[in-house]
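Take a look at the structure set out below.
The values are calculated or read from the model by the stated rules, or taken from the named source; none is laboratory data. Everything numeric in this text was worked out from a predicted model, so none of it was measured. A quick note on method: Cβ atoms are made from the backbone with ideal geometry, for glycine too, and the neighbour counts reach across all protein chains shown.
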Amino acid sequence: MSDFYDSQETREPALREAEQMLALARQVAHAQQKAPAYAKLLAGIDATSLNSRAALAKLPLTRKEALVEQQRQAPPFGGLAAVQAPELNRVFASPGPIYEPGSSRPDFWRFARALHAAGFRSGQLLHNCFAYHFTPAGAMVESGAHALGCTVFPAGPGQLDGQLQVIADLRPAGYVGTPSFLKMIIEKGEENGIAIDSLRQALVSGEALPATLRQWFEQRGLQVLQCYATADLGVIAYESSAREGLIIDEGVIVEIVRPGTGDPVAEGEVGEVVVTNLAPEYPLIRFATGDLSVFLPGVSPCGRTNLRIRGWLGRADQTAKVRGMFVRPTQVAQVLQRHPQISKARLVIDRIDENDRMRLHCECAGAEAGLDVAIATSLREVCNLRGEVVFVSVGHLVNDGKVIDDLRPVET
């Protein structure tokens, strides 16, 4: 069996660049003709002139944070989708809300390549713990796994006892989901004496994979690799066995730009990840993710020749990702609107024992009984995540404009 999913992964870099620039020109022309928003945004652009990254960098950005209003004006996808049903066969939702399309085309989100790099092979059973409810994450993995020839158990998150029973009975070859939930499954299995040693590989995403946690998995005989994906774009980059950065997927073009602009940064400089998706159904062009990263020099020792990024290095804005879900300053504001007793608040995010923790620090002149429970309920309803509430005295929070303070260490 080959270490590579296909020959695209080992193309000469110059050949890949030339072929991707041709694909870029076709994609822009397609978007101009089929996606109403791009017909307007890219009016007057000669698609055939887009033959270099310098030419690409002159195109306007499409910003993720603008999608909510854009989709409100032109539901469901803000005029960015280029095909209709039956090609687009599902609609998903992410916090915002932002709506994303699902396609009937096999491996629409390009997960097969990342799964292959993580060690999954045709004929294996895959235990998929990404959610199938609202979010496209579960369907993303399943589509890629089927393209690879794998069978999928659609586990979703939660129900630890049930997860252990299924793994013990069906003995899947590997796991896909967040790393923190995999750790919870393993710890519960060890606590109850349930053997889940059939799991030998895992592909994780949605949150950071600290080196200490990867080592913890390895001590239990489990190889865990990661990928960088979003609900809008699918897989952007993935890790190989070399574990030296994340390799850019063959179906996207990635730029690193100076935050707040569309200008590419100097070589080796950290900036915002901007992605052009070459999928015809949802041709996102220069899509600014809000994530920070940096290109690594050279090529991967594994033999794949595409560009690499170091991985997720934080957010260009104050948006944070907690247990696989984005949390935005606007959501904190929504919580405060429900509770006028709060004069000021800051959401502090840290990590305890490899698990993400959210605490909403609230300045209140007087906190009546039960207010903390009410605020915590609002936080859960608005953000779809549980968090603690901490009351502090008026004037305690620093006056620096920060609404979300992410204290988790950045893995480099």
Test: residue in region 205-217 that is surrounded by fewer than 21 Cβ atoms within 10 Å (Cβ to Cβ), more than 17 Å from the chain's Cα centre (by Cα), more than 28 Å from Leu67 (Cα to Cα) and hydroxyl-bearing (Ser, Thr, Tyr): yes
Residues (in contact (Cβ under 8 Å) with a residue 60 or more places away in the chain, outside any helix (DSSP H, G or I) and either closer than 17 Å to Glu17 by Cα or in contact with a helix residue (DSSP H, G or I) (Cβ under 7 Å, 6 or more places away or on another chain) (or both)) located in region 40-63: Leu42, Ala57, Pro60
Test set (1) under 18 Å from the mean Cα position of the chain (by Cα); (2) modelled with pLDDT of 95 or more - Ser122 fails condition number: (1)
Flag if Phe153 is of a type in the set (Phe, Trp, Tyr), at pLDDT 95 or above and in contact with a Cys (Cβ under 6 Å, 6 or more places away or on another chain): no
Whichever residue in region 362-389 is at pLDDT 95 or above and assigned to a strand (DSSP E or B) and, among such residues, is surrounded by the fewest Cβ atoms within 10 Å (Cβ to Cβ): Glu388
Residue check, Glu354 surrounded by fewer than 18 Cβ atoms within 10 Å (Cβ to Cβ), over 27 Å from Gly96 (Cβ atoms) and more than 23 Å from the chain's Cα centre (by Cα): no
Filter result for the condition that a residue is assigned by TED's automatic domain parsing to the domain that holds Arg308 and either within 23 Å of the chain's Cα centre (by Cα) or in a loop (DSSP other than H, G, I, E, B) (or both), over Ala37, Ala29, Ala82: Ala82
Some residue of region 289-296 being surrounded by 18 or more Cβ atoms within 10 Å (Cβ to Cβ), farther than 29 Å from Leu385 by Cα, of a type outside the set (Ser, Thr, Tyr) and in contact with a helix residue (DSSP H, G or I) (Cβ under 6 Å, 6 or more places away or on another chain): no
Selection within region 206-233 - part of a loop (DSSP other than H, G, I, E, B) and of a type outside the set (A, V, I, L, M): Gly206, Glu207, Pro210, Gln219, Arg220, Gly221, Asp232
Selected residue (criterion: surrounded by the fewest Cβ atoms within 10 Å (Cβ to Cβ)) from residues of region 105-128 that are in a loop (DSSP other than H, G, I, E, B) and in contact with a His (Cβ under 9 Å, 6 or more places away or on another chain): Pro106
Failed condition for Glu255, given (1) closer than 16 Å to Leu292 by Cβ; (2) part of a loop (DSSP other than H, G, I, E, B): (2)
From the options Glu281, Glu267, residue that is within 21 Å of Pro97 (Cα to Cα), assigned by TED's automatic domain parsing to the domain that holds Ala231, of a type in the set (D, E, K, R) and more than 13 Å from the chain's Cα centre (by Cα): Glu281
Region 157-171: number of residues that are crowded, with 17+ Cβ neighbours inside 10 Å and within 19 Å of Ser94 (Cα to Cα): 1
Of the criteria (1) closer than 14 Å to Glu354 by Cβ; (2) in a strand (DSSP E or B); (3) among the hydrophobic types (A, V, I, L, M, F, W, C), which one Ile236 fails: (1)
Residue in region 292-313 that is assigned by TED's automatic domain parsing to the domain that holds Ala237, modelled with pLDDT under 90 and not hydrophobic (A, V, I, L, M, F, W, C) present: yes
The one condition in (1) surrounded by 19 or more Cβ atoms within 10 Å (Cβ to Cβ); (2) within 19 Å of Gly324 (Cβ to Cβ) that Ala345 fails to fulfil: (2)
Matching entry among Glu65, Glu142 (being of a type in the set (Asp, Glu) and modelled with pLDDT of 95 or more): Glu142
Single match in Tyr228, Tyr175, Tyr238 (criterion: touching a His at 6+ places or on another chain (Cβ under 6 Å), buried (at least 17 other Cβ atoms within 10 Å of the Cβ) and in the same structural domain as Ile309 (by TED's automatic domain parsing)): Tyr175
